[in-house]
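Trainee: Once you've had a glance at the structure underneath, I'll fire off some questions.
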Amino acid sequence: METEAFQAVLAAVRTFVRKEVVPAEDVIEQTDEIPEVIRAKAAAMGLFGYALPEEYGGLGFSMSEDVRLAMELGYTAPAFRSMLGTNNGIAGQVLVNFGTDEQKRHYLPDLAAGDKIASFALTESEAGSDPSGLRTRAVRAEGGFRLTGQKRFITNADRADLFMVFARTNADTEGTKGISVFVVESGAEGLTVGPNDEKMGQRGAHTAEVFLDDVFVPESALVGGAEGEGFAAAMRSLARGRLHIAAICVGLGQRLVEESVNHAAASRQGGRPIAEFQQVQAMLADSQTEVMAGRALVLEAAKSYDDGSDRRMAPSCAKLFCSEMVGRVADRAVQIHGGMGYMRTVPVERFYRDARLFRLYEGTSEVQKVIIAKQLLRTGR
Ligand SMILES: Cc1cc2nc3c(=O)[nH]c(=O)nc-3n(C[C@H](O)[C@H](O)[C@H](O)COP(=O)(O)OP(=O)(O)OC[C@H]3O[C@@H](n4cnc5c(N)ncnc54)[C@H](O)[C@@H]3O)c2cc1C
């Protein structure tokens, strides 16, 4: 049951996104940055902590509330959501679900306020889809651990104050066992962040390599105070993240449909609006149908997440369907725009590039299929 407080936040975010972020999309694209005024307003609205617990200064949204919010955030440049995404999602949830009380007290209030940014540093050159190839090592040292390794594609690395670094603490253990997770602060000696990657799309959202060269962290940096919890922590954060990404795809799909309808109504050929052509109408209808299917799937999956009945298969089904769906919707949006759809000046060209990422990160489509099939074969349903 959604509270009045949630409804108020949802309405405020909807207005903010449409009135302030959408008009800034060209600036975000040109500067590759989110304007400070937008960042500050988002922080003031509590958006850096919507999924963090209220006792640590967050808004404490359930998964069902998170996805409703994400559908609004997804309506605009995905970089806006990305700015908020690591604190609430993949990085923040590591602390929420696995941190000690002391770690939560120490870090979560600053993350919720947007005063600090956290990044999730799992991926390496041979450990992307399969973290069992992870090579970053954490070796016990006097009073703590020494970490050495190299991470890549780390979202918000250039802005991060803390990194959730996944490292192998047990050198004798292969596979996913023996992986632990540490909070490493950006000022730690031996930690460096590479230049921002040149990406296909989602300008304004940054990724970079993170190098750890014999970085010392105290014992208290080990998340949860226990070794070997890293893989479980990563999977738990990612499952929630997948459902969130699916909802972002629904929001972007909705925007693409609206851009398509507006263009079809305004653009003329042979003296008639192209919206009168049945083949254009068919594209609009296919996209609308798919967006509605995605929305229904995400809401259902969020319900199962909240009641605990499915936190594994449904998030993957939603991520798989919605990320593929928004790719098809973006493709049709470009088609409906004709040659104009290929021009850098129109939003659908930008969204076409932006949408491509959703099938890749937080688990590729192929990886979602592996998870879904494994779960089906294990449980028989
Ligand atoms: C913009 C961006 C932001 C990112 N942000 C972060 C972040 O903040 N933190 C972080 O840790 N990571 C991040 N990543 C990394 C992202 O999660 C990985 O890129 C993704 O999981 C894929 O891993 P990979 O790139 O190593 O590709 P690979 O795993 O090498 O995949 C290559 C191909 O092989 C396929 N494949 C791999 N294994 C299997 C299998 N078992 N069965 C079938 N097919 C398979 C894949 O589906 C894909 O088609 C980000 C990536 C990008 C591009």
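The values are calculated or read from the model by the stated rules, or taken from the named source; none is laboratory data. In this text, all values refer to a predicted model and were calculated from it rather than measured experimentally. Every residue, glycine as well, gets a Cβ built from its backbone with ideal geometry; the counts of neighbours run over all protein chains shown.
Trainee: Name the residues in segment 335-356 that are surrounded by 19 or more Cβ atoms within 10 Å (Cβ to Cβ) and aliphatic (A, V, I, L, M), would you?
Mentor: Those that are surrounded by 19 or more Cβ atoms within 10 Å (Cβ to Cβ) and aliphatic (A, V, I, L, M): Ile336, Val348, Ala355.
Trainee: I would also like to ask the following. List pairs: first residue in segment 1-17 and hydroxyl-bearing (Ser, Thr, Tyr), second residue surrounded by 12 or more Cβ atoms within 10 Å (Cβ to Cβ) anywhere in the structure, Cβ distance under 9 angstrom, at least six positions apart or on different chains.
Mentor: Partner pairs satisfying both residue conditions: Thr3/Glu65.
Trainee: Just the residues that are under 18 Å from the mean Cα position of the chain (by Cα) and without any contact (Cβ under 8 Å) to a residue 60 or more places away in the chain, please, taken from segment 22-57.
Mentor: The answer is Tyr50, and nothing else.
Trainee: Could you pull out the residue among Ser309, Ser287, Ser365, Ser323 that is surrounded by fewer than 18 Cβ atoms within 10 Å (Cβ to Cβ) and touching a Ser or Thr at 6+ places or on another chain (Cβ under 7 Å)?
Mentor: Residue meeting the stated conditions: Ser365.
Trainee: So, of the residues in segment 76-106 that are hydroxyl-bearing (Ser, Thr, Tyr) and buried (at least 24 other Cβ atoms within 10 Å of the Cβ), which turns out to be nearest to Gly241 (Cα to Cα)?
Mentor: If we take residues in segment 76-106 being hydroxyl-bearing (Ser, Thr, Tyr) and buried (at least 24 other Cβ atoms within 10 Å of the Cβ), then Thr86 is nearest to Gly241 (Cα to Cα).
Trainee: Ok, one more. For the subset of segment 160-175 comprising residues that are in contact (Cβ under 8 Å) with a residue 40 or more places away in the chain and buried (at least 18 other Cβ atoms within 10 Å of the Cβ), which member is farthest from the ligand (Cβ to nearest atom)?
Mentor: The extreme case among them is Thr169.
Trainee: Then there is this: If I filter segment 138-151 for residues that are away from the ligand (no atom under 14 Å from the Cβ), at pLDDT 95 or above and assigned to a loop (DSSP other than H, G, I, E, B), do I get at least one hit?
Mentor: yes
Trainee: Now for a different question. I'd like to know if segment 234-246 contains one or more residues that are under 23 Å from Ala293 (Cα atoms), in contact with a Pro (Cβ under 7 Å, 6 or more places away or on another chain) and among the small types (Gly, Ala, Ser).
Mentor: Yes, that holds for at least one residue.
Trainee: Provide a single number: the residues in segment 342-381 that are within 9 Å of the ligand (Cβ to nearest atom), free of Cβ contacts under 8 Å to residues at least 12 places away in the same chain and not in a helix (DSSP H, G or I).
Mentor: Result for segment 342-381: 1.
Trainee: Quick test of your reading of the structure: Leu95 fulfils all but one of (1) farther than 26 Å from Glu198 by Cα; (2) within 16 Å of the ligand (Cβ to nearest atom); (3) without any contact (Cβ under 8 Å) to a residue 12 or more places away in the chain; (4) of a type in the set (A, V, I, L, M). Name the failing condition by number.
Mentor: Only one criterion is unmet by Leu95, namely (3).
Trainee: Looking at segment 184-209, which of its residues are within 15 Å of the ligand (Cβ to nearest atom) and farther than 24 Å from Arg359 by Cβ?
Mentor: Passing the criteria: Val184, Ser186, Val193, Gly194, Pro195.
Trainee: Mind listing just one residue for me: the one in segment 184-207 that is of a type in the set (D, E, K, R) and part of a loop (DSSP other than H, G, I, E, B) and, of those, farthest from Arg146 (Cα to Cα)?
Mentor: This residue is Arg203.
Trainee: Let me ask something else about it. Of the residues Glu29, Glu33, Glu20, which single one is modelled with pLDDT of 95 or more and assigned to a loop (DSSP other than H, G, I, E, B)?
Mentor: Checking each option against the conditions leaves just Glu33.
Trainee: I need every pair where a residue in segment 117-137 that is not assigned by TED's automatic domain parsing to the domain that holds Phe80 has its Cβ under 6 Å from the Cβ of a residue that is within 6 Å of the ligand (Cβ to nearest atom) and assigned to a helix (DSSP H, G or I), sequence separation at least 6 or different chains.
Mentor: These pairs meet every condition: Ser129/Val367.
Trainee: Hey, any hits in segment 49-70 for a residue that's among the aromatic types (Phe, Trp, Tyr), crowded, with 23+ Cβ neighbours inside 10 Å, in a loop (DSSP other than H, G, I, E, B) and touching a Leu at 6+ places or on another chain (Cβ under 8 Å)?
Mentor: Yes; the residues of segment 49-70 include at least one that is among the aromatic types (Phe, Trp, Tyr), crowded, with 23+ Cβ neighbours inside 10 Å, in a loop (DSSP other than H, G, I, E, B) and touching a Leu at 6+ places or on another chain (Cβ under 8 Å).
Trainee: Any residue at all in segment 312-324 that's acidic (Asp, Glu) and over 19 Å from the mean Cα position of the chain (by Cα)?
Mentor: No: segment 312-324 contains no residue that is acidic (Asp, Glu) and over 19 Å from the mean Cα position of the chain (by Cα).
Trainee: Follow-up question, since we're still on this one. Being within 7 Å of the ligand (Cβ to nearest atom) and within 16 Å of Phe163 (Cα to Cα) is the filter; apply it to segment 118-137 and report the residue that is surrounded by the fewest Cβ atoms within 10 Å (Cβ to Cβ).
Mentor: Out of the qualifying residues, it is Thr123.
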